[in-house]
Structures are given as structure tokens and as C-alpha cells.
Amino acid sequence: MSLQFRIPLPNEEEILRRAACRQPSEEERGLMRECLRDAGYLIDYHITERNRPFSLLKQMAEEAPENFSPGFLVNDLKDCDSVIIFTASLGAAIKEEVEEDGEPEKRIFYQAICAERLDALCEAYCDVKEKQLNEAGAYITPHYPFFWEGVQEDAYTTTRVIGISLDPQSHAPERCRTCFVQNCPSRSE
């Protein structure tokens with residue numbers, strides 16, 4: 001689907017954190033900004049979504065339990081009526097640039113930029129879906145990693161699943177707003 005929403009501007013501090021630059025020099029900041037500028041021309045944000053009944057996800061889990069984390073359906077999506085399985089991608093051009101660039105320092109920054117941009121894309125998409133579904137009287141869960149057979153998972157593409165419920169009591173009270181929250185118990189340096 002072509003994007004009908006805005007993606008937040010890149011978070012330079014988050015990119016530096018993901019590149020393991022705890023106390024970046026001006027030279028490192030300059031190189032990061034150069035890579036960020038170039039990546040801006042190469043990244044092609046794309047979302048593909050599939051709306052499915054929860055029963056299909058449950059059937060998939062029974063057929064291939066190795067593709068699901070323990071307790072995923074039972075605990076996290078048990079009260080959902082349906083799910084949205086979506087794939088977020090940054091496109092082939094950025095992948096080719098990162099894989100062909102011979103400078104290790106640049107590759108580190110490109111990979112950090114891609115990780116930050118992929119998370120920003122997923123969060124922006126979920127924010128839009130949450131607003132649309134809330135207006136229709138439905139609620140969403142946080143998004144979870146998901147294995148969809150035939151979809152390549154790498155640093156430039158990820159597949160996620162979010163649950164949809166019509167019962168306001170059954171959804172998670174707070175969906176993650178962004179992976180940049182500093183005090184998140186799931187965050188690790």
C-alpha cells in the first residue's frame with residue numbers, strides 16, 4: 001500500500017545508540033549525517049497488510065508451532081477477534097547500498113539508520129491503524145514479530161502482527177508508542 005501517513009523524522013540520538021556510539025565524536029556525527037542524507041534518497045518505505053480472522057493465526061500456530069514464541073497466542077492475543085499481519089520494508093536500494101559499501105564505519109551507520117527507520121515505520125503504521133480502528137469501536141494490541149512463510153526477514157524488512165478486539169476490556173491498556181522510550185523494561189543497551 002502506498003503510505004497515507006507521515007513517518008517521524010530520523011532520531012539521530014537513537015541512530016547513534018544503535019551504532020554503539022556512546023560518546024560520539026564530531027567526526028562520527030558527521031559520518032552518521034552523511035549516511036543519513038544518502039539513506040534518505042535510497043529508502044522506499046512500504047507496508048503490505050493482511051487482515052485475517054484470529055482462527056487462521058491459531059491454525060497456523062498449531063501447524064507450525066516453531067514459528068511462534070511460547071504463550072504468544074494464549075497470553076497476548078487470546079481475546080482478539082481478528083489480526084492484522086503487516087510487512088514493513090525499506091526497499092531494495094538501501095539494502096544494496098549497505099551490502100555493497102566497502103567502508104565498515106558507513107555500514108554500521110547505515111544498519112543503525114535502517115533499524116531506526118524500520119521501527120519508526122512500524123510505529124507510525126500502528127498509530128494510524130489504532131486511530132482508524134478506535135473510531136470504528138475496535139482496539140489493537142501491541143505489535144509482535146511474526147514469521148510469514150515466503151517473506152524474507154532481514155534488517156530492511158520485518159513482519160509483525162497486531163490483534164484487533166471489539167471489547168475495550170480485552171486489549172492491552174497501553175500500546176507501545178515508540179521503541180525510543182528510555183525507561184522501557186524491554187530496552188537493553
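The numbers here are math on the coordinates, done by the rules we state, and not lab data. As the structure is a computational prediction, the values presented were derived from the model and not from experiment. Note that we place each Cβ from the backbone using ideal geometry, even for glycine, and neighbour counts take in every protein chain shown.
Structure above, values below:
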quantity: Diffusion coefficient, µm² s⁻¹, Stokes-Einstein with Kirkwood Rh over alpha-carbon pairs of segment 54-148 at 37 °C and 0.692 mPa s; calculated: 207
quantity: Student exercise, segment 1-128 dipole from Lys, Arg, Asp, Glu Cβ charges, in Debye to nearest 20; calculated: 320
quantity: Under-5 Å amide H pairs with HIS143, H placed in peptide plane, nonlocal only; calculated: CYS176
quantity: Entries in LYS106/LYS129; LYS78/LYS131; LYS78/LYS129 that, when Cα-Cα distance is taken, lie over 25 Å; calculated: LYS106/LYS129
quantity: Hz values of 3J(HN,Hα) by residue in segment 28-35 - Karplus curve (6.51, -1.76, 1.60), Gly and Pro given as x; calculated: 5, 4, x, 5, 4, 5, 5, 5
quantity: Cross-link reach list, aspartates and glutamates versus LYS58, counting only Cα pairs under 20 Å and skipping chain neighbours closer than eight places; calculated: GLU49, GLU66, ASP76, ASP79, ASP81, GLU149, ASP167
quantity: Sites GLU96 and GLU66 - FRET efficiency at Förster radius 35 Å, r taken between beta-carbons, to 0.05; calculated: 0.65
quantity: Spin-label zone in segment 108-144 - amide nitrogen under 16 Å from a point set 7 Å from the Cα of ASN75 along the C-beta vector; calculated: 142-144
quantity: Rough spin-label spacing in nm, given labels placed 7 Å along Cα→Cβ, for GLU153 and GLN23; calculated: 3.7
